[in-house]
Amino acid sequence: MRFKKIAAAALTAVMGFGLAACGSTSGGTASASGSSAATTAAAGATTTAASGSASGSFTTAEKGVLHVATNATFPPYESTTDDGGFTGIDIDLANAIAEKLGLTVTIDNMDFGSIVAAVSGGKSDIGMAGMSVTDERKKSVDFTDTYANSKQVIIVTDDSDIKTPDDLSKAGKIGCQEGTTGYMLCSDTPENGGYGEDHVIAYNNGIIAVQALLSGKVDAVVIDAEPAKEYVAANPGTKILDTAFADEDYAICVSKNNPQLRDAVNKALKELKDDGTVKKIIDKYISAS
Ligand code: GLN
């Protein structure tokens, strides 16, 4: 149970460290991205929401387009299709929101650790990536209202000695996706309920982390519940432990320089929640359990 009590504090305390640790792909500091955001906003296109569902004007990086930053290795929220397209809850929801805003979606696929910088710097308009709301991220970007809940789970091999979150302290190595809340939790110090940086390996994405589990490079993978189910289904010999930890909320991140866009997205999101569209999209990808 050690995770339950530390979840919130650890997420906020370690987030900055985690991004710094993965700095090669995170694309710049808050101050650097702040200045590029100003440039982009100046060059950006102003749109007045088309359908009347969202009021006011907002800027987007490209006229008529909603650039959505994501990391498409995270089913059922986002993944690639065989023909090079994108599919998942976030993709469908982005399209539904864009339609209300009179925009078309362009997916900007990148490492998860680069998304906040892409949005705060104005290269992408919003980030939708099963992204959990954290206080640390809130220093760099705004979040919309939440649209889904999640939790962190532990994936192990069928024959593993690791049976509970407490057993993770016995793990030689824990695999996580870089820049994620799972990474932040696990790499925190033992005093704060984590396992220490030395025990955690950050991979570019969850798929690679699960491959590392199968090849014995790590003893467990800590990642969000729904992607974990898909990874386990695709990789016989792996399972998810019964005890989950760290409840989280997913939301869309938007540049702090673009409150009009955040408000328009929130308005669209509320309408899509109220008319049952959000539930319908989630149910399409996640079977009720
Ligand atoms: N929900 C986790 C986070 O926000 C992981 C998201 C992801 O890997 N796409 O850090």
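The values are calculated or read from the model by the stated rules, or taken from the named source; none is laboratory data. Just so we're clear, the structure is a prediction, and the values are computed from it rather than from any experiment. Quick reminder, even Gly has a Cβ in these numbers, built from the backbone with ideal geometry, and neighbours come from all protein chains shown. Accessible surface areas use protein heavy atoms only, side chains included; no ligands, DNA or RNA. Shrake-Rupley method; radii C 1.70, N 1.55, O 1.52, S 1.80 Å.
Points worth noting:
- Breaking point among (1) surrounded by fewer than 24 Cβ atoms within 10 Å (Cβ to Cβ); (2) closer than 23 Å to F58 by Cβ, for I115: (1)
- Residue check, L213 over 19 Å from the mean Cα position of the chain (by Cα) and open to solvent by less than 10 Å² (accessible area, probe 1.4 Å): yes
- Pick from segment 127-145, criterion under 12 Å from the mean Cα position of the chain (by Cα) and aliphatic (A, V, I, L, M), ranking: surrounded by the fewest Cβ atoms within 10 Å (Cβ to Cβ): V133
- Options D198, D224, D247, D242; residue that is modelled with pLDDT under 95 and under 17 Å from the mean Cα position of the chain (by Cα): D247
- Scanning segment 146-159 for residues that are more than 18 Å from I201 (Cα to Cα) and in contact with a strand residue (DSSP E or B) (Cβ under 7 Å, 6 or more places away or on another chain), we see that the one that is most open to solvent (accessible area, probe 1.4 Å) is N149.
- Filtered by the rule that a residue be under 15 Å from N266 (Cβ atoms) and within 13 Å of the ligand (Cβ to nearest atom), segment 114-126 gives no residues.
Conditions (1) open to solvent by less than 70 Å² (accessible area, probe 1.4 Å); (2) away from the ligand (no atom under 16 Å from the Cβ); (3) under 15 Å from N149 (Cα atoms); (4) of a type in the set (V, I, T), marked per residue:
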position: A202; (1), (2), (3), (4): yes, no, no, no
position: A246; (1), (2), (3), (4): yes, no, yes, no
position: L272; (1), (2), (3), (4): yes, yes, no, no
position: I286; (1), (2), (3), (4): yes, no, yes, yes
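- Output for segment 29-85, where each listed residue is in contact with a strand residue (DSSP E or B) (Cβ under 7 Å, 6 or more places away or on another chain), open to solvent by less than 40 Å² (accessible area, probe 1.4 Å), modelled with pLDDT under 70 and not aliphatic (A, V, I, L, M): G44, T47
- Pairs are defined by a Cβ separation below 6 Å, a sequence spacing of at least 6 or placement on different chains, a first member in segment 174-195 that is touching a residue at least 24 places away in the same chain (Cβ under 8 Å), and a second member that is more than 8 Å from the ligand (Cβ to nearest atom) and among the charged types (D, E, K, R); the pairs so defined are S187/E197; G193/R2; G194/D188.
- Count - residues of segment 135-150 that are in contact with an Asp or Glu (Cβ under 8 Å, 6 or more places away or on another chain) and either at pLDDT below 95 or polar (S, T, N, Q) (or both): 3
- Residues satisfying the stated conditions in segment 204-226, i.e. within 11 Å of the ligand (Cβ to nearest atom) and closer than 17 Å to A246 by Cβ: G206, A209, V222, I223, D224, A225, E226
- Test: residue in segment 96-104 that is open to solvent by 30 Å² or more (accessible area, probe 1.4 Å), away from the ligand (no atom under 13 Å from the Cβ) and part of a loop (DSSP other than H, G, I, E, B): yes
- Residues within segment 259-278 that are of a type outside the set (A, V, I, L, M, F, W, C) and over 30 Å from Q152 (Cβ atoms), tallied: 6
- Residue in segment 161-168 that is crowded, with 17+ Cβ neighbours inside 10 Å and in contact (Cβ under 8 Å) with a residue 60 or more places away in the chain present: yes
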